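Okay, so here's the structure we're looking at.
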Amino acid sequence: MKKLKLCFDIGSKQSRVDSVSILSRQSVLTFLLVFLTAFIGVGNVWGTETTVSKNLSDVATTNQWTTSEGNNVYTYTSWSVDANITVSVNESGNNGSYWSNGWRCYESASAAITIAATDGCTIKTVTITYTSTKNNGCITNVTSGSAKTVNAQSATYNVSHSSGTKQGQVGITAVSVTYETSGGGPSQPTVSFAPFLPDPIGSISILSRAILASSYTLYILRIYPVILESSIFYPFLPYNGF
């Protein structure tokens, strides 16, 4: 009886060791599959940065603007850098008039230059290249040709003067914008399914993807249990006596 009991005890211990080994393998493999499934194919969860630039001479040509001269003033208060970025100035006085030396904005007309992105885009930096066309005009807190950090969907800049007492004016000759695009906008980023997963609605929220990734992992573990015993995973598993 004692020998039989001893054999039983030894067998029980061995069974427990085997169970721990299998559970260890299951835990590690589950982690690997969840991690890979959740992140392979996510693409640009945190957004894609794009830099676009436009010279005002090109904008004028593309939009067939008429160049102002003398008393003949032609104003264009809004234009696009690309499909996601627009530049505009408030309609007042001669704001937005196009001249041979640039797109003019006037302090006397309380010029407020706005660079805005469409929903789902965040402007990272803005670079405005301009010259003073009169009275030491400048764009407040913006150095011509230098990148200005924004990190918002839009930014507005006013025209002023750097010295003297007279109101200034500027001629903008180029605008460059770096912006980030996310699938569902800053408040609800979305990601596309990995190629090996079905995607019935085109894109899903990060939380939904995590849930489905977990379900996918459990499916793999259930349908293909043989991979739990595969030696290919041994280097990643804790030592359990095998």
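Each of THR140, THR173 has some number of other Cβ atoms within 10 Å of its Cβ, and from fewest to most they run THR140, THR173. Taking 0.36 nm per residue of separation and subtracting the current Cα-Cα distance, fully stretching the chain between ASN55 and SER100 would add 15.0 nm.
Classify region 45-115 as rounded, prolate or oblate, taking a ≥ b ≥ c as the square roots of the eigenvalues of its Cα gyration tensor: rounded when a/c is under 1.5, otherwise prolate if a/b is larger than b/c and oblate if not. Here region 45-115 falls in the oblate category.
Taking Lys and Arg as +1 and Asp and Glu as -1, the other residues whose beta-carbon sits under 13 Å from that of CYS105 total 0. Length gained on full extension, ASN63 to ALA147: 27.6 nm, using 0.36 nm per residue less the C-alpha separation. Using a simple spin-label model with pseudo-atoms 7 Å out from Cα toward Cβ, SER163 and ASN90 lie 2.8 nm apart.
No value in this document is a laboratory result; all are computed from the given coordinates. Computed from a predicted model, the values in this text were never measured in an experiment. Note: ideal-geometry Cβ built from the backbone for every residue, glycine included; neighbour counts use all protein chains shown.
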